[in-house]
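A quick write-up on the structure given underneath.
Since every read-out is calculated from the coordinates, none of them should be taken as a lab result. Just so you know, these numbers come straight off a predicted model, no measurement behind them. So basically every Cβ, Gly included, is an ideal-geometry build from the backbone, and we count neighbours across all protein chains shown.
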Amino acid sequence: MQINLTSKEFRRLLDLVYIGNWVLNSIRGEDRFRDYDHVESKLFGLCQGTPMQALVENWEGEDVPSKAFAEGGIHEAIACYEDTVFYEILAEELSRRDMEYPQISEENYDEIVSRMSRYMEEFQCSGVDKLYLDD
C-alpha cells in the first residue's frame, strides 16, 4: 500500500497517531496494545533522515515520538479534549441523577439536554468549585 501525503499532511497524521495511541495506551501500564505502539513507531521512524527528524528519537532500539514532539503542544490538545469530555460526562450523569437515572428516550431527551446545558453553564463559570458532597 502506498499513501501520498504532503509534509503538512504527514505531520498531521503523526499528531493523529500519537493522540490515538495516547488514548488507547496511556492508562494501560504494561497491558498496552503493542500493535498500536508498533504502527506509531513505524510512522515516526519515517521521520529519520528528513527535515522532521527532530520529531523522532530512538529508545531501546525503537523509534518513538521525541521529547520535542511530546512537549510541542500535543498534550495541551489532549488535555483540552479530556476537560471537555469530563465536563460533558459529568453534566449528563448529574442531569440523569436529578431525573432518577432514566434511560434516554425521545420523551426525556429535551429535558436531559436542558439540564446538561445548565450544568455546562455552571462549569464554564466555576468549574467544579461549587460541587460538594453532603456529609
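Our note on the geometry: Cα centres of the range 81-118 and the range 32-48, 37 Å apart. Overall, the chain carries a charge dipole of about 760 debye about its Cα centre when +1 sits on the Cβ of Lys and Arg and -1 on the Cβ of Asp and Glu, all other atoms neutral. Would you work out which of Val113, Gln48, Gly73 lies farthest towards the positive end of the dipole of the chain, given +1 charges on the beta-carbon of Lys and Arg and -1 on that of Asp and Glu, about the Cα centre? Of the options given, the answer is Gln48. Placing +1 on the Cβ of every Lys and Arg and -1 on the Cβ of every Asp and Glu, with no other charges, gives the range 75-126 a dipole of roughly 100 debye about its Cα centre.
For the chain, hydrophobic long helices are taken as DSSP H runs at least 27 Å long by C-alpha position along their axis with mean Kyte-Doolittle hydropathy of -0.5 or more; these are 75-98. Relative to the current alpha-carbon distance between His38 and Asp15, full extension at 0.36 nm per residue lengthens the span by 6.7 nm.
Each of Cys125, Gly29, Val64 was placed along the dipole of the chain (beta-carbon charges, centred on the mean Cα), and the one lying farthest toward the positive end is Val64.
Helical content alone sets the calculated 222 nm signal of the chain at -18500 deg cm²/dmol, taking -39,500 (n - 2.57) per DSSP H segment of four or more residues and averaging over every residue.
Residues of the chain were split at every exposed loop site, defined as GluC sites (Glu not before Pro) in a DSSP loop with at most 14 other C-beta atoms within 10 angstrom, and the longest piece left, sites excluded, is 61-99.
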